[in-house]
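The structure appears right after this line, and notes come after that.
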Amino acid sequence: MSDLVSIFLQLLLFKLVAPVTFRHHRYDDLVRTLYKVHNECPHVTRVYSIGRSVKGRHLYVLEFSDYPGIHEPLEPEVKYVGNMHGNEVLGRELLLQLSEFLCEEFRNGNQRIVRLVEGTRIHILPSMNPDGYEVAAAAQDRDISGYLVGRNNANGVDLNRNFPDLNTYIYYNEKNGGPNHHLPLPDNWKNQVEPETQAVIQWIRSFNFVLSANLHGGAVVANYPYDKSLEHRVRGFRRTANAPTPDDTLFQKLAKVYSYAHGWMHQGWNCGDYFPDGITNGASWYSLSKGMQDFNYLHTNCFEITLELSCDKFPRQEELQREWLSNREALIQFLEEVHQGIKGMVRDENYNNLADAVISVSGINHDVTSGDHGDYFRLLLPGTYTVTATAPTFDPETVSVTVGPGEPKLVNFQLKRSTPPAAPKRRGPNSGHRGRVLPKKVQPRAARKKEMMVKQSQRVPA
Ligand SMILES: [Zn+2]
């Protein structure tokens, strides 16, 4: 064999096997890996911290964008959160793999990834609970196999039961009228949540996130809101019942995109459970209160689902490559899902951008708002919709829009100031500056009631 051919083969082999290393990453290793990716792709990444854990570990985020650190109008923001339960570690490793993959493929000129990075701002938080992880990893090293060791943060709190409960308000508002989105935080919310939760809440309030997934383990299923059923507890029993959001069909589709792109999630039978299509409404599996996905939907513009990715919460190192290969396509496709529905600018007659304008879709009792730059994003399935933009002191503008299956449709609004002496729009109680009183739209509960059954969940929560 000539030297040249031999070198070529070695290079090829190196390219095939060298880049990714499949191992569990302790905290220092995780931080090194994030900075390594940043150093390899400095022009399209940024590492930033959203705060610290109880033990002072940084909650690091790796951002991918063609302009890191900058929101470009009409480019949606999307996020992945891993390892919220410290002992559910696959998401953490998958997000590190994803980071390396996005960087490498961008550098290789992979057109799909280049397009994704140039058209989307992607935020990756591999570990929301670094303290819990260290406890879980140490137990793993000593072969202590407690199913829940390391689940909680260093104060012993389950972070996915630690967000302000806004479901109670939305169920009240659905019945009695009131805001259907951006429900306000309780006044003393900072005193009621853990440092990790507080950091995440401040994070999701400071970016106009559109789409998100929260990566867990202990089952294999894509779980969508609501997580909390209308009658969460009855006489000490958890009441399990389908609790759909007004965006139920959209959430089901988002969950199916992941489950069908995943190696086996869509098959339904996993870890001794069966979920048709590999998806489930959160509350119809088991009702939980103060979870993160419900909070995202009720307090922000962000649509979040929860991905349960492995039966074994702490898979053996040898499993990691197989897991990566069966999640890779799903992780990419889910990010691409942010590019659907409608988006556009909301401006006044002088082309000033209007932040916090409300975008309502007729028939879907959940509004979204424009961000600080006047741009809005409304995920929608293909169909024809009547869409209205409103802002205080402006006349509403209504248009009919047909949404196709491909790219999002661009729908800009230019609002005219209400002619004086028109009375200013009344704001509802607790609606905040973003709220707006909507006509009462109560969804029939009869069908929901029928499905209800009382059952106490036997399983250890995922
Ligand atoms: Zn979990």
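Working only with C-alpha atoms, what are the Rg and Dmax values of region 20-337, expressed in angstrom?
18.5, 59
Pairs LYS55/LYS190; LYS190/LYS343; LYS290/LYS343; LYS253/LYS290: which exceed 22 Å Cα-Cα?
From LYS55/LYS190; LYS190/LYS343; LYS290/LYS343; LYS253/LYS290, over 22 Å: LYS190/LYS343; LYS290/LYS343; LYS253/LYS290.
Please give the FRET efficiency for ASP143 paired with ARG26, using the beta carbon to beta carbon distance and R0 = 22 Å, rounded to the nearest 0.05.
Values: r = 17 Å, r/R0 = 0.77.
Calculated value: 0.85.
Based solely on C-alpha atoms, express the radius of gyration and the Dmax of region 208-349 in angstrom.
Looking at region 208-349, its Cα Rg and Dmax stand at 16.2, 60 Å.
Any idea how far apart ASN108 and GLU349 come out in nm if each label point goes 7 Å out from Cα toward Cβ?
Result for the modelled spin labels: 5.5 nm.
So, with a 1.4 angstrom probe, what is the percent of accessible area on the chain that is carbon and sulfur? Intermediate values should be presented prior to the final figure.
Numbers: 10430 of 20000 Å².
Looking at the chain in its full context, I get 52 percent from C and S.
Taking amide H positions as placed 1.01 Å from N in the peptide plane, with prolines and chain starts having none, which residues 5 or more places from ASN180, or on another chain, fall under 5 Å of its amide H?
ASP367, ARG436
At q = 0.11, 0.14, 0.20, 0.21 Å⁻¹, what log₁₀ I(q)/I(0) does region 25-135 have when each alpha carbon counts as one equal point scatterer in the Debye sum?
Reported log10 I(q)/I(0), two decimals: -0.33, -0.53, -1.01, -1.09.
Could you work out the mean projected area of the convex hull around the alpha carbons of region 253-327, in square nanometres to one decimal? Walk me through the numbers on the way to the answer.
Values: hull surface 23.6 nm².
Across all orientations, region 253-327 yields a mean hull projection of 5.9 nm².
In nanometres, what is the gap between the two model label sites at LYS55 and ASN188, each 7 Å from Cα along Cα-to-Cβ?
3.0 nm
Among ALA139, PRO405, PRO195, whose Cα projects farthest towards the positive end of the dipole of the chain, with charges put on the beta-carbon of Lys, Arg (+1) and Asp, Glu (-1)?
So the residue furthest toward the plus end is PRO195.
Given H placed on each backbone N at 1.01 Å, which residues far from GLY344 in sequence or on other chains put an amide H within less than 5 Å of it?
TYR376, VAL411
Which ³J(HN,Hα) values in Hz, rounded to whole numbers, follow from the phi angles of region 96-103 under the Karplus curve 6.51 cos²θ - 1.76 cosθ + 1.60, where θ = phi - 60° and Gly and Pro get x?
5, 4, 4, 4, 5, 5, 4, 5
At 7 Å along the Cα-to-beta-carbon direction for both LYS36 and TYR48, put a label point, then send me their distance in nm to one decimal.
2.5 nm
Once the piece of chain linking THR249 and GLU118 is laid out straight, how much longer is it, given 0.36 nm per residue of separation minus the C-alpha distance between them? Please list the in-between numbers first.
Numbers: separation 131, 0.36 × 131 = 47.16 nm, distance 2.87 nm.
Taking THR249 through GLU118 to full extension adds about 44.3 nm, to one decimal.
Quick check on the chain: helices-only [θ] at 222 nm, where DSSP H runs of length 4 and up contribute -39,500 (n - 2.57) each and the sum goes over total residues. Nearest 500, please.
Values: 13 runs with 143 residues, N = 462.
For the chain, the value works out to -9500 deg cm²/dmol.
If I measure Cβ to Cβ between cysteines in the chain, which ones have no partner under 4.7 Å?
That list is CYS302.
Taking square-rooted eigenvalues a ≥ b ≥ c of the alpha carbon gyration tensor, is region 342-417 rounded, prolate or oblate, where a/c under 1.5 means rounded and, failing that, a/b exceeding b/c means prolate?
Values: a/c = 1.89, a/b = 1.61, b/c = 1.17.
Taking the square roots of the gyration eigenvalues as a ≥ b ≥ c, region 342-417 is prolate.
What percentages make up the Cα-Cα pair-distance distribution of region 104-147 when the bins are 10 Å wide from 0?
P(r) over region 104-147, rounded to whole percents: 23, 27, 16, 25, 10.
Relative to the Cα centre, what is the charge dipole magnitude of region 228-282, using +1 at the beta carbon of each Lys and Arg, -1 at the beta carbon of each Asp and Glu, and rounding to the nearest 20 debye?
Working: 7 positive and 5 negative charges, 60 e Å.
Computed about the Cα centre, the dipole is about 280 debye.
For the chain, with every protein chain kept in place, what is the accessible area per residue (1.4 Å probe, Å²)? Walk me through the numbers before you get to the answer.
Working: 20000 Å² over 462 residues.
Counting only protein heavy atoms, the per-residue value for the chain is 43 Å².
As an exercise, use a Förster radius of 45 Å and the Cβ-Cβ distance of ARG322 and ASN176 to find the FRET efficiency, rounded to the nearest 0.05.
Details: r = 51 Å, r/R0 = 1.13.
My answer for the efficiency is 0.35.
The values are calculated or read from the model by the stated rules, or taken from the named source; none is laboratory data. No experiment lies behind these values; they were computed from the predicted model shown. Glycine also receives a Cβ, built like all others from the backbone with ideal geometry; neighbour counts cover every protein chain displayed. Please note that ligands, DNA and RNA were not included when accessible areas were found on the heavy atoms of the full protein model with its side chains. Shrake-Rupley method; radii C 1.70, N 1.55, O 1.52, S 1.80 Å.
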